[in-house]
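The values are calculated or read from the model by the stated rules, or taken from the named source; none is laboratory data. Everything numeric here is computed off the predicted structure, so don't read it as measured data. All Cβ positions, even for glycine, are placed from backbone atoms using ideal geometry, and neighbour counts span all protein chains on display.
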Amino acid sequence: KVVVGGFDLLPNTGPAIKKGITKAVIDQQPYLQGYYTVAQLAMIKYGKFAAFNIDTGRGIVDASNVDEVLELVTRRIR
């Protein structure tokens, strides 16, 4: 048996986790990566802050939480 894992939630990743085809994926939270990038550029433009590192966190999506995470993905929150 081969255990499959990966990065990012693609459209077919959630169903693959539910079916047991994929064990888990690392969720890098691309929505937050984009949001914080734009917010940081605005702050730099208006002289509020210099560039800084932002850790959007990480999470493992597996059978125990896939439904909860997919709900957030559908709502474009995560």
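Suppose we filter segment 30-52 for residues that are in a loop (DSSP other than H, G, I, E, B) and modelled with pLDDT of 85 or more; how many remain?
Final tally of qualifying residues: 2.
Can you pull out the residues in segment 2-32 that are more than 16 Å from the chain's Cα centre (by Cα) and buried (at least 16 other Cβ atoms within 10 Å of the Cβ)?
16, 22
Can you spot a residue in segment 34-55 that is within 23 Å of residue 6 (Cβ to Cβ), surrounded by 11 or more Cβ atoms within 10 Å (Cβ to Cβ) and touching a helix residue (DSSP H, G or I) at 6+ places or on another chain (Cβ under 9 Å)?
So far as segment 34-55 goes, no, none of its residues is within 23 Å of residue 6 (Cβ to Cβ), surrounded by 11 or more Cβ atoms within 10 Å (Cβ to Cβ) and touching a helix residue (DSSP H, G or I) at 6+ places or on another chain (Cβ under 9 Å).
Sort out which residues of segment 20-29 are modelled with pLDDT under 90 and in a loop (DSSP other than H, G, I, E, B), and write them in order of number.
28, 29
For segment 53-68, what are the residues that are modelled with pLDDT under 90, touching a Leu at 6+ places or on another chain (Cβ under 9 Å) and not small (Gly, Ala, Ser)?
The answer is 54, 56.
Taking the condition of being in a loop (DSSP other than H, G, I, E, B) and either among the basic types (Lys, Arg) or in contact (Cβ under 8 Å) with a residue 60 or more places away in the chain (or both), how many residues in segment 5-19 meet it?
Count: 1.
Residue 72 versus (1) in a loop (DSSP other than H, G, I, E, B); (2) within 13 Å of the chain's Cα centre (by Cα): which is the lone unmet condition?
Against the list (1) in a loop (DSSP other than H, G, I, E, B); (2) within 13 Å of the chain's Cα centre (by Cα), residue 72 comes up short only on (1).
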